[in-house]
Amino acid sequence: MHRHFDDELRQLRGELVRMADMAQSAITQAVEALKNLDKDAAQRVIDSDVGMDSLELVIDDKCLDLIALHQPMAGDLRFITTAIKLNAELERIGDLAVDVAQRAIEVADKPLLKPLVDIPRLADAAKRMTGQAIEAFVSGDTALAKKVILSDSEADELKRRIEKELVYDYMVKDGSTADRAVPLLLAARHLERVCDHAVSMAEDIVYMVSAVVVRHHPEELK
Amino acid sequence: MHDAVIDYDKQMGMENFHPSLVKGAVGINSGSLCDAEVFGAAPKITARGVNFYYGAKKALNNINIGFSPRQVAAIIGPSGCGKSTFIRLLNRMHELVPGTRLEGEILLDGLDIVSPACDAAALRKRVGMVFQKPNPFPKTVFENIAYGLEVNGVTDRHFIEEKVVDSLKKAALWGEVKDRLKDSALGLSGGQQQRLCIARCLAVEPEVLLFDEPCASLDPISTAKIEELILELKREYAIVIVTHNMQQAARVSDRTAFFLMGDLIEEGRTDIIFKAPRDRRTEDYITGRFG
């Protein structure tokens with residue numbers, strides 16, 4: 001049976017996909033700005049964050065309307081509560097992209113400490129995990145969501161490798177590199193946090209689809 | 001099957017049903033769906049392998065369910081699913097419909113209420129019912145409550161007066177009618193009449209209260225009062241409520257059962273039923289996809 005309510009839910013899903021696209025785009029552009037020492041590009045990322053902030057409010061308002069006016073139950077209720085959580089996670093990812101852009105501005109006037117290899121890899125992981133989480137949300141694919149959750153350890157390992165290299169290969173050996181190494185260290189930290197938010201989204205999506213709580217229950221992933 | 005079930009109200013004349021028409025049907029009673037493993041309480045009422053027929057047509061199919069004391073159980077389902085039919089079996093109201101047949105067991109505290117040895121009047125004193133439309137007697141407020149006691153042989157006026165006051169207080173009506181006890185009950189508002197009917201049931205000290213869509217004809221304020229009352233009453237009684245209102249079921253019940261086409265599809269904790277039902281048909285019904 002067709003429900004007008006389903007049209008509203010589809011619209012909400014579309015808004016979240018738009019939010020996710022903006023978040024992914026912000027991460028891509030911020031990392032490019034970092035790689036290319038491009039202050040203007042970094043500033044564009046910072047300036048564009050207001051768009052995500054506005055969309056976050058629109059989505060939040062939409063979710064509250066759906067709850068207040070339709071009193072959703074069961075799968076509908078889980079969908080909307082998940083949308084609220086995803087919305088917050090995506091907005092935070094947007095903020096982290098801004099953080100990366102600010103690090104780009106900090107290092108832009110100095111030569112890069114080294115060619116960036118692992119940071120773009122971590123950025124790719126962050127974008128991939130965010131994209132897969134949203135894909136899982138749209139398609140209700142719990143296997144894909146679980147894949148995102150399990151891939152977090154790879155992102156953690158990548159971040160550890162970046163930290164180790166910047167600290168022991170550069171800052172410990174030559175303290176004068178700190179002003180160029182620390183922003184990269186922080187950028188890696190920001191990107192790793194993006195991965196954490198993607199994992200949180202994936203956990204919520206598993207609950208949305210199957211009503212199984214995997215957050216804090218890793219045994220449920222098996 | 002469906003036509004038979006849908007016609008049940010008409011056959012029963014429930015829209016104009018008056019409890020005085022039924023021997024012993026003065027009180028209210030209900031129980032909540034039981035899950036002894038979860039709640040640790042023995043069921044007050046248990047249905048085992050219940051089949052019910054209107055003539056050759058089967059209206060209920062192998063119903064197995066229990067209702068625990070001091071809990072509210074909601075029975076939900078689309079029109080014609082058998083939920084009202086089922087609740088009326090619990091105090092043998094079905095016997096008023098000719099040509100019906102009940103198979104299986106319905107146990108109240110372990111005793112089979114379907115057995116011919118069980119007196120229907122005595123049963124209806126223990127298991128009372130409130131109907132969709134308030135059905136006060138065309139008598140005074142006081143007489144409406146006193147009636148059930150008097151037909152049960154109580155003659156002590158002082159006791160009756162105390163019981164009337166106590167029942168009206170329990171039904172959250174005393175404050176509104178204490179100065180109108182000698183007025184006609186028909187002059188009360190719909191919500192007040194419904195609470196009067198509840199008070200009438202409480203007067204005969206039931207153990208189980210059955211509510212068959214008790215708020216269907218009430219405004220939101222009266223509905224809220226009845227719902228608050230149900231939550232108060234569950235401290236003492238087992239309560240079963242049939243409702244079409246999903247939000248009402250979610251608000252007042254501890255357990256919820258979903259009926260469909262005479263089958264009990266799913267029963268469980270209300271929060272789980274409304275957040276993550278196990279059966280797709282339950283999900284479709286409570287989210288309005290059913291059809």
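Laid out as a table, the results:
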| quantity | calculated |
| --- | --- |
| Other protein chain Cβ atoms within 10 Å, averaged over every residue that makes up B:271-278 | 4 |
| Chymotrypsin sites (Phe, Trp or Tyr not before Pro) within segment B:203-291, DSSP loop, no more than 15 other Cβ atoms inside 10 Å | B:PHE290 |
| Cα shape, segment A:61-134, gyration tensor, a/c 1.5 rule | oblate |
| Test item: Cα-centred dipole of segment A:4-221, Lys/Arg +1 and Asp/Glu -1 on Cβ, debye | 660 debye |
| Long-range amide H partners of B:ASN51 with built H, under 5 Å | B:ASN62, B:ILE63, B:GLU103, B:GLY104 |
| Taking B:THR243, A:THR177 and counting other C-beta atoms within 10 Å, the order from fewest to most | A:THR177, B:THR243 |
| Normalised contact order of segment B:2-286, rounded percent, pairs of Cα under 8 Å and 6 or more residues apart | 28 percent |
| Net dipole in debye of the protein assembly as shown [+1 Lys, Arg Cβ; -1 Asp, Glu Cβ; about Cα centre; nearest 20] | 1280 debye |
| Exposure proxy ranking, count of Cβ atoms within 10 Å, fewest first, for A:VAL148, A:VAL199, B:VAL127, A:VAL182 | A:VAL182, A:VAL199, A:VAL148, B:VAL127 |
| 222 nm mean residue ellipticity, helices alone, for the protein assembly as shown (DSSP H n ≥ 4; -39,500 (n - 2.57); rounded to 500) | -17500 deg cm²/dmol |
| 3J(HN,Hα) from dihedral phi, segment B:154-162, Karplus parametrisation 6.51/-1.76/1.60, rounded to Hz, x for glycine, proline | 7, 10, 5, 4, 4, 4, 4, 4, 4 |
| Order of A:LYS110, B:LYS58 under a 10 Å beta carbon neighbour criterion, fewest first | A:LYS110, B:LYS58 |
| Cα-based convex hull, the protein assembly as shown, per residue volume (Å³, whole number) | 178 Å³ |
| Computed over segment A:4-221: relative contact order in percent, which uses C-alpha pairs under 8 Å that are six or more apart | 27 percent |
| Amide H within-cut-off set for B:VAL130, under 5 Å, with H built and near neighbours excluded | B:ASN29, B:LEU210, B:PHE211, B:ASP212 |
| Pairwise label distance in nanometres, B:VAL151 with B:GLN247, each label 7 Å out on the Cα-Cβ vector | 3.6 nm |
| For segment B:2-286, diffusion coefficient by Stokes-Einstein and Kirkwood Rh (Cα), 10 °C, 1.306 mPa s, µm²/s | 85 µm²/s |
| Residue-count net charge about A:ASP141 - beta-carbon cut-off 13 Å; Lys, Arg +1, Asp, Glu -1 | +1 |
| Rounded to 5, percent antiparallel among DSSP beta bridges of the protein assembly as shown | 60 percent |
| Within 10 Å of each Cβ in A:65-75, the average number of Cβ atoms from other chains | 4 |
| Under-5 Å amide H pairs with B:TYR237, H placed in peptide plane, nonlocal only | B:ARG70 |
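Every read-out reported here was derived from the displayed coordinates using simple, explicitly stated rules and does not represent laboratory data. The structure presented is a predicted model; accordingly, all values stated were derived computationally and were not measured. Note that each Cβ is placed from the backbone with ideal geometry, even for glycine, and that neighbours are counted across all protein chains shown.
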